[in-house]
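Before any comments, here is the structure.
The values are calculated or read from the model by the stated rules, or taken from the named source; none is laboratory data. None of the values given here were measured: they were computed from a predicted structure. Because the Cβ atoms are built from the backbone with ideal geometry, glycine has one as well, and the counts that use them run over all protein chains shown. All accessible areas refer to the heavy atoms of the entire protein, side chains included, with ligands and DNA or RNA removed. Shrake-Rupley method; radii C 1.70, N 1.55, O 1.52, S 1.80 Å.
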Amino acid sequence: MDNRFANTPEPPYYAVLFTSLQQPDAPGYAQMAGKMVELAALEPDFLGIESTRGPDGLGITISYWRSEAGVAAWKQKTEHLAAQKLGMERWYEHYELRVAKVERTYRGPAGRPSL
């Protein structure tokens, strides 16, 4: 499988969808984003992450978690709280965060369900 795709288990699990519009000048952002991925990977409920950003600054990052408790625990980590604060103050023009329970998955190109 392509390593740009998170290696998730059979559902159910949780997805945190973070869509952001980055400021035109965002010094330190890439380093902090890399550090957050490294720290999240140490969390017991972390399953993986997929992320992309367009030339216009619009980015979508989806992190996958084994449980809703794991999502909540990550949200309260000291380092993550500091990164959130910097994001609001320096890096994002706007963002939206959504948490969803994944109940079905399909893999292609054949489109067969994984259930």
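Numbers at a glance
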quantity	calculated
The chain - Rg (one decimal) and Dmax (whole number), Cα, Å	14.8, 44
Candidate residues Met36, Met88: accessible-area rank, largest first, probe 1.4 Å	Met88, Met36
Å² of accessible area per residue within the stretch 9-65, as computed with a 1.4 Å probe and no ligands counted	54 Å²
Dipole magnitude of the stretch 9-79 about its Cα centre (Cβ charges: Lys, Arg +1; Asp, Glu -1), debye to nearest 20	100 debye
Carbon and sulfur %, accessible surface of the chain computed with the full protein complex present, 1.4 Å	56 percent
For the stretch 62-112 versus the stretch 9-38, the gap between their alpha-carbon centres in whole angstrom	7 Å
Reachable aspartates and glutamates from Lys75, criterion Cα separation under 12 angstrom, eight or more residues apart if same chain	Glu43
With 5 Å bins from 0: P(r) over the stretch 35-89, alpha-carbon pairs, percent	4, 17, 26, 26, 18, 8, 2
